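Below is one structure, written out as structure tokens, with a few remarks after it.
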Amino acid sequence: MCIRDSSLECDTCRQEFASRNKLFKHLKESSCSVLAPDAKNIKIAIMFGYTPGERENAIQAILGALDSCRPEGAESYAQAGRGRAQTCATAHEQRSDPLLRQEAGACAVADVLSVGCERLPIQELTVLLNSKLPAQTRVFGCVEVPLDFHAEYACIRRYYEITVPTSAVFDPSQDHTPDLSSESRAKKHKASDGILGSNLSGGTGLESAAVRLGFFQRLKHLMRQFHSSNNNNVTNKKRWHNFTVGAVATDASVLRTVGRFQHVKTLRPEQDWATGSLLLLSCCADSFLVSMLRKMLSVIIAAAREFISQETFDYLLSDLGVLPEIPIPELSSSKSILMLAEVQFNKKFLEPMVELAKQSAAAQQEFKQFRILSELADPSTISAEYSRFIEQDLIPWAQAVSCKPALELRGCELANLTEPPAVYHKVLSLLRDASRGGSWPRTTEARARLIQDGQSTSGDSFSLGLMPPPLKQPTANKVFPELMQAAFELEGFLFPGTREPSSTIAVNRNALFLPHTDNGAGAGQGISMIVALGDFIGGEVVVEGEAHQIRYSPVEFNGWTQRHWTLPFQGERFSLVFFTPLGCETNGLTLCSQLKPTVGELADL
């Protein structure tokens, strides 16, 4: 694994460099160096909005408008690019993880662009910029900020809003009896949404206030399950790999902190509530992955309509859950709005950002109402689109995920486990000796990130056999030569003549692995084979959603391309993963024969 020195980064544009020389060359040749504190250079933060799909055009339009304000002879803002230290609260495509980019069809009323520039007339800048911008883009306010302000990295919380027709979530055939155990609770719900009316318990139609109250109570319960907090209301990061595209649980970017997910208001409540209104939902997080909020909405619809069980809901939100990709409804200006509605910044920049928010508030609401929400089509048209989405995409997905493995332990009691077949006795005995002897090698940092925390017995792992050059060979080869030879011989017993002997073995003890793919020692690898030994229940290996019981029952799979992970277990569980990284031309049995003289010499000492 290549570890980059995080200090070799330009403080202005955040570009990383492989050496100090390259960093210094960048500072000399770019305009980043001119942004050092002096009387001429400042940095400004611009809060702006744009209609769906117009983010890139909006940024370029604002930079172009800034050009008309720059001093004579100054570098063009629109053409300078990163040299002008331009950063945005929505992730910059050139610099950030692709999973964190804003979706192409999103809109905003609270995006923030920071630009290093010469001194400009800040007080008049908002009016000057708006006079040169198209109707799809609007600047709400401008303030001077410290030179170390970085709009993307200083933003600690982003609030997105999304619309959905009420009819997509509300199923009139379900029981929506509200919980009226507390009068104060009923009054609170009444006050929170103007459509509830004055009679919480009366009414005979589906649109009665009681039905609506019960519906919103259920919706609130579902949305609260997305919060990244424990029973003590301590906010934690969770893995959101199921709620984006092409990610696994071990990707660093899928660790996100999600805050409150809630119903903000009902749009067009004057129409038929069940079929003619729209729900405006809001969710906040430190950052959102691509498609994350839309996939969360799909799960809300599936759960509210009882297409999926609570068990499946919990599994989707767990670190171990990997299910077929969640379908999402189409994102368009007339059918569904995904909008950056609010941002919060590090308290270091509190004063200028509070001022920016005050400047922007009134213009934000006007732009949101008349340039974004007003463009939505009639709710009945949107409902028809969602009905097709539910029938054609969501229901088939829900039926598929209902068959996936659950998290609870399955199988017999530990006391009733069958004895291991004789072919495994020697390897199991050597594994237990290594485990008890105190010489079990320490797990590498890279592999430790793949192992789930919080097990009653901490899991660990090491390698035996060969690694391709230029990697160092496993030190465990000399510590456990007998175990290495017995394990490679076991592979031959299990697959006599039907599997090429492997060069490498991953030896795992009580390790609950997160969903991941192997890197083949950085070079790729052939087909893997895994088998588990010991006295345990549960602990199946899941390969692309299909669970395999591997206790004394080996399974082959492509560890390099197929996502795989471990289900929870109880008891003592060892597993051996046999594979051959690309570049390893010697198999394990040959290596053992080459090491025998060394083993003999060690025995004589």
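The values are calculated or read from the model by the stated rules, or taken from the named source; none is laboratory data. Predicted model, so just to flag it, every value in this text is computed and none were measured. So basically every Cβ, Gly included, is an ideal-geometry build from the backbone, and we count neighbours across all protein chains shown. Note: accessible area is taken over every heavy atom of the protein model, side chains too, but ligands, DNA and RNA are not part of it. Shrake-Rupley method; radii C 1.70, N 1.55, O 1.52, S 1.80 Å.
Could you check the spin-label model distance between S435 and K265? Points 7 Å from the Cα along Cα→Cβ, value in nm.
6.0
What Kirkwood hydrodynamic radius do you get for segment 446-595 when you take the inverse of the mean 1/r over all pairs of distinct Cα atoms, in Å? Don't jump to the answer; show the numbers that get you there.
Working: mean 1/r = 0.0645 Å⁻¹.
Here the Kirkwood hydrodynamic radius works out to 15.5 Å.
Using 0.36 nm times the number of residues separating R449 and S309, minus their current alpha carbon distance, what extension gain do you get?
47.4 nm
Using alpha carbons only, how many angstrom separate the centre of segment 563-590 from the centre of segment 269-322?
Answer, in whole Å: 37.
Take the Cα pairs of segment 252-317, get the Kirkwood Rh, then feed it into Stokes-Einstein at 25 °C and 0.890 mPa s and tell me D in µm²/s.
Values: Rh = 13.8 Å.
Value of D from the Cα-based Kirkwood radius: 178 µm²/s.
Once label points are set 7 Å from the Cα along Cα→Cβ at both D67 and Y153, what is their separation, rounded to one decimal in nm?
Rounded to a tenth, the inter-label distance reads 2.9 nm.
Apply the Karplus parameterisation 6.51 cos²θ - 1.76 cosθ + 1.60, with θ equal to phi minus 60°, to every residue of segment 106-117 and state each ³J(HN,Hα) to the nearest whole Hz, in sequence, with x for glycine and proline.
6, 10, 7, 10, 8, 6, 10, 10, 10, 9, x, 7
With all protein chains present, calculate the accessible area of W560 using a 1.4 Å probe and round the result to the nearest 10 Å².
Here the accessible area works out near 110 Å².
Residue by residue through segment 471-476, what is 3J(HN,Hα) from phi via Karplus (6.51 cos²θ - 1.76 cosθ + 1.60, θ = phi - 60°)? Round to whole Hz and write x for glycine and proline.
Using θ = phi - 60°, the values come out as 5, 6, 7, x, 5, 5 Hz.
At a probe size of 1.4 Å, how large is the accessible area of E445, to the nearest 10 Å²?
About 140 Å², ignoring ligands and nucleic acids.
Collect residues whose amide H, placed 1.01 Å from N in the peptide plane, falls under 5 Å from the amide H of G559; neighbours closer than 5 in sequence don't count.
Sorted by chain and number, the residues that satisfy this are S528.
Could you give the Stokes-Einstein D for segment 281-328 in µm² per second, using the C-alpha Kirkwood radius, 20 °C, 1.002 mPa s? Mind dumping the intermediate values first?
Numbers: Rh = 11.6 Å.
Taking Rh from Cα pairs, D becomes 184 µm²/s.
Can you tell which of T275, I300, S287 lies farthest toward the positive end of the dipole of segment 268-333, using +1 and -1 charges on the Cβ of basic and acidic side chains (Lys, Arg; Asp, Glu)?
It is T275.
Please work out the average accessible area per residue across segment 352-394, using the 1.4 Å probe convention, and give it in Å².
Numbers: 2300 Å² over 43 residues.
Per residue, segment 352-394 has an accessible area of 54 Å².
Three principal axis extents, largest first, for the C-alpha atoms of segment 313-406, in Å?
Result for segment 313-406: principal-axis Cα extents of 53, 38, 14 Å.
Tell me, what is the per residue accessible area of segment 282-342 in Å², probe radius 1.4 Å? Working shown, then result.
Details: 1600 Å² over 61 residues.
The answer is 26 Å² per residue.
Provide the solvent-accessible area of D393, counting protein heavy atoms only and rolling a 1.4 Å probe, rounded to the nearest 10 Å².
Counting only protein heavy atoms, the figure is 70 Å².
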